[in-house]
Each structure stands twice: as structure tokens, then as C-alpha cells.
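The values are calculated or read from the model by the stated rules, or taken from the named source; none is laboratory data. Just so it is clear, the model here is predicted, and its values are computed rather than measured. Here the Cβ positions follow ideal geometry from the backbone for every residue, glycine too, while neighbour counts run over all protein chains shown. Calculation scope for accessible area: heavy atoms of the full protein, side chains included, ligands and nucleic acids excluded. Shrake-Rupley method; radii C 1.70, N 1.55, O 1.52, S 1.80 Å.
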Amino acid sequence: MVDYDKVELSNLNRQVLYGMDSIGEYKVDQAKKTLESFNLPTIIETKVEKISKESKIPKDVDVILDALDNFETRYILEKLAWESKVPYIHAGVNQWYGQLTTIIPGKTLTLKDIFGEVDKTKEKISIISPVVSIMASLQVIETIKVIIGKKIPSTTSYYS
């Protein structure tokens, strides 16, 4: 997990890995702490870092899940995924609807092909918290498909 942000009160209604005691802590540290409390045989690695053009995808990464809140950073992460030839699973939310697509470098469209250029002037949008949970669940299903080699269609799905 890679993120540079700290937990804020406004995150708690839609980000289930955090509680009131997480406020002010780095998101990746708190997410790791919560996930490790399940005592599963999973190794969770974290990095407190802002994703940038200089970021590197580690060689042992098999799939990338986008839990970002802006297209500018999504486009950077997707470019890094293409350069590393790593599948990239995007899920996004906007009020009452969500969008989901799986990008397979060299086989599917890119996010820019699908969504176009970034509009940096848009104001922050409201998020309806159940939509986040639904899209995260669908993103996990897409991840399982990639891991087990199930054929992924080259289209984007919208849920409303």
C-alpha cells in the first residue's frame, strides 16, 4: 500500500479501516494495523509516499488497485503500470454512482482513452459511503479475475 495522506474525520464515513483513534495517523500505517489484526497469512508492505512520475512499481507486484480520489494521480499510476506491464484495476465514485474498469497493458484501452483529459478545476465531490463499499467489493472481484486468469472484457462498467 502506498499513500502519503493522514486519516481525517471526513474519511471515517467511507473508509472502513479507520476509526476515531486513527485520526492524524498515516493511512497506510493504520490500514496495515487493522488488516494485520485479522491474523491472516498475508504480508502487508506499506510506503508513506505520494505517487509521482518518479515512483517505481516493485518487480513483485502482480496487480495494482486504484483507491485514489483524483484522475491526475490515477493517470500517473496507470502510466507506471503500463511501463511495468502490471494490470491496473480502477474503481471510482462520484456521489451516487461508481465506475470500474480493468486495464491490461497492451490489451485494453487506457483511462485517458475512456475518460479523456483531467479537469483540474472541478471542485471536490460528495461521496455516498455505501457506493465506496460496493465499488471496493467489485474491485476485489476484478482482482481475483486477473489473478486466476479469467478473461477480462475491454470495457468499462458503470454502476448507479
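Of the strands (runs of 3 or more DSSP E) that lie entirely inside region 64-150, those containing 1 or more residues that are open to solvent by less than 20 Å² (accessible area, probe 1.4 Å) and polar (S, T, N, Q) span 97-103.
Conditions (1) polar (S, T, N, Q); (2) within 24 Å of K145 (Cα to Cα); (3) in contact with a Cys (Cβ under 8 Å, 6 or more places away or on another chain); (4) not in a loop (DSSP other than H, G, I, E, B), marked per residue:
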site: D21; (1), (2), (3), (4): no, no, no, yes
site: G24; (1), (2), (3), (4): no, no, no, no
site: T42; (1), (2), (3), (4): yes, yes, no, no
site: E45; (1), (2), (3), (4): no, yes, no, no
site: I51; (1), (2), (3), (4): no, no, no, no
site: S55; (1), (2), (3), (4): yes, no, no, no
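Right, K47: open to solvent by 70 Å² or more (accessible area, probe 1.4 Å) and touching a Leu at 6+ places or on another chain (Cβ under 9 Å) or not? For K47, the condition - open to solvent by 70 Å² or more (accessible area, probe 1.4 Å) and touching a Leu at 6+ places or on another chain (Cβ under 9 Å) - is not met.
When both residues are 6+ apart or on different chains and their Cβ atoms are under 9 Å apart, which pairs have a first residue that lies in region 16-34 and is on the phi < 0 side of the Ramachandran plot and without any contact (Cβ under 8 Å) to a residue 12 or more places away in the chain, and a second that is open to solvent by less than 50 Å² (accessible area, probe 1.4 Å) and part of a helix (DSSP H, G or I)? Taking only residues 6 or more apart or on different chains, the pairs are G19/Q30; G19/T34; D21/Q30; K33/S22. Considering V16, V28, the condition of being at pLDDT 95 or above and surrounded by 11 or more Cβ atoms within 10 Å (Cβ to Cβ) is satisfied by V28 alone.
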